[in-house]
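Before I ask anything, here is the structure I am working with.
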Amino acid sequence: MAIDSGRSRPSKTDAFILTNDNHKWKTPASRQAMVNKMQSVIEATGLHEYSAADLEDSIYQNSKTKPEYVIMLVYMMQQLKKMSANKAGDAIEEDDDFMVDAATFTDFI
(Lines give C-alpha, C1' and ligand atoms only; values in the text may rest on other atoms or scores of the structure.)
Protein backbone atom coordinates (compact mmCIF):
# COMPACT_ATOMS: atom_id res chain seq x y z
CA MET A 1 0.00 0.00 0.00
CA ALA A 2 1.40 3.36 -1.04
CA ILE A 3 1.54 6.30 1.31
CA ASP A 4 -0.60 9.18 0.14
CA SER A 5 1.46 12.35 0.30
CA GLY A 6 -1.51 14.51 -0.60
CA ARG A 7 -0.04 15.40 -3.99
CA SER A 8 -1.83 14.59 -7.21
CA ARG A 9 1.34 13.39 -8.96
CA PRO A 10 4.46 11.68 -7.60
CA SER A 11 7.42 14.02 -7.36
CA LYS A 12 11.03 13.34 -8.28
CA THR A 13 11.86 13.04 -4.58
CA ASP A 14 9.32 10.20 -4.23
CA ALA A 15 11.29 8.26 -6.83
CA PHE A 16 14.53 9.04 -5.01
CA ILE A 17 13.30 7.75 -1.69
CA LEU A 18 11.79 4.59 -3.09
CA THR A 19 14.53 3.55 -5.49
CA ASN A 20 18.18 2.68 -5.22
CA ASP A 21 19.24 3.53 -8.74
CA ASN A 22 22.49 5.41 -8.09
CA HIS A 23 25.34 5.57 -5.63
CA LYS A 24 25.65 9.34 -5.23
CA TRP A 25 24.56 9.00 -1.60
CA LYS A 26 27.87 7.23 -0.92
CA THR A 27 30.08 10.10 -2.08
CA PRO A 28 32.05 12.08 0.51
CA ALA A 29 30.33 15.32 -0.56
CA SER A 30 26.84 13.86 -0.08
CA ARG A 31 27.77 12.34 3.25
CA GLN A 32 29.25 15.67 4.40
CA ALA A 33 26.01 17.41 3.42
CA MET A 34 24.16 15.00 5.71
CA VAL A 35 26.62 15.62 8.54
CA ASN A 36 26.00 19.36 8.11
CA LYS A 37 22.22 18.88 8.24
CA MET A 38 22.49 16.68 11.31
CA GLN A 39 24.82 19.22 12.95
CA SER A 40 22.23 21.95 12.41
CA VAL A 41 19.63 19.77 14.17
CA ILE A 42 22.05 19.12 17.04
CA GLU A 43 22.71 22.84 17.40
CA ALA A 44 19.01 23.68 17.24
CA THR A 45 18.15 21.10 19.89
CA GLY A 46 21.06 21.91 22.18
CA LEU A 47 22.19 18.27 22.34
CA HIS A 48 25.87 19.13 21.94
CA GLU A 49 27.01 15.88 23.52
CA TYR A 50 26.31 14.14 20.21
CA SER A 51 28.67 14.20 17.23
CA ALA A 52 26.95 14.62 13.87
CA ALA A 53 29.88 12.96 12.10
CA ASP A 54 29.79 9.93 14.41
CA LEU A 55 26.00 9.56 14.11
CA GLU A 56 26.10 9.80 10.31
CA ASP A 57 29.00 7.36 10.09
CA SER A 58 27.15 4.82 12.22
CA ILE A 59 24.07 5.17 10.03
CA TYR A 60 26.17 4.90 6.85
CA GLN A 61 27.98 1.79 8.09
CA ASN A 62 24.66 0.10 8.90
CA SER A 63 22.89 1.07 5.65
CA LYS A 64 22.85 -1.29 2.73
CA THR A 65 20.68 0.83 0.43
CA LYS A 66 19.97 4.49 -0.24
CA PRO A 67 16.36 4.32 1.06
CA GLU A 68 17.57 2.65 4.24
CA TYR A 69 20.20 5.40 4.69
CA VAL A 70 17.67 8.21 4.25
CA ILE A 71 15.10 6.59 6.54
CA MET A 72 17.66 6.07 9.30
CA LEU A 73 18.91 9.67 8.98
CA VAL A 74 15.40 11.05 9.26
CA TYR A 75 14.62 8.74 12.17
CA MET A 76 17.78 9.84 14.00
CA MET A 77 16.92 13.50 13.57
CA GLN A 78 13.40 12.87 14.84
CA GLN A 79 14.87 11.10 17.87
CA LEU A 80 17.19 14.03 18.57
CA LYS A 81 14.22 16.39 18.49
CA LYS A 82 12.27 14.15 20.88
CA MET A 83 15.23 13.82 23.25
CA SER A 84 15.56 17.60 23.28
CA ALA A 85 11.87 17.96 24.13
CA ASN A 86 12.23 15.42 26.95
CA LYS A 87 15.29 17.19 28.30
CA ALA A 88 13.43 20.50 28.29
CA GLY A 89 10.37 18.94 29.93
CA ASP A 90 8.17 19.85 26.97
CA ALA A 91 5.31 17.67 25.85
CA ILE A 92 6.22 15.51 22.91
CA GLU A 93 3.90 15.84 19.97
CA GLU A 94 3.67 13.31 17.18
CA ASP A 95 5.51 14.69 14.20
CA ASP A 96 3.36 14.65 11.09
CA ASP A 97 6.21 16.13 9.08
CA PHE A 98 8.21 12.90 8.77
CA MET A 99 8.00 12.88 4.97
CA VAL A 100 8.73 16.61 4.85
CA ASP A 101 11.91 15.92 6.84
CA ALA A 102 12.74 13.05 4.49
CA ALA A 103 12.31 15.36 1.51
CA THR A 104 14.97 17.70 2.91
CA PHE A 105 17.52 14.95 2.42
CA THR A 106 16.81 14.46 -1.24
CA ASP A 107 18.13 17.76 -2.59
CA PHE A 108 21.77 16.71 -2.28
CA ILE A 109 21.59 13.14 -3.59
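The values are calculated or read from the model by the stated rules, or taken from the named source; none is laboratory data. As the structure is a prediction and not an experimental result, all values here were calculated from the model. Because the Cβ atoms are built from the backbone with ideal geometry, glycine has one as well, and the counts that use them run over all protein chains shown.
Which residue pairs have Cβ atoms under 7 Å apart, sit 6 or more places apart or on different chains, and have a first residue in segment 37-57 that is without any contact (Cβ under 8 Å) to a residue 60 or more places away in the chain and a second that is part of a helix (DSSP H, G or I) and small (G, A, S)?
M38/A52; Q39/A52; I42/A52; T45/S84; G46/S84; L47/S84
Here are A85, A103: which of them is at pLDDT below 60 and in a helix (DSSP H, G or I)?
Numbers: A85 fails: at pLDDT below 60.
Answer to the selection: A103.
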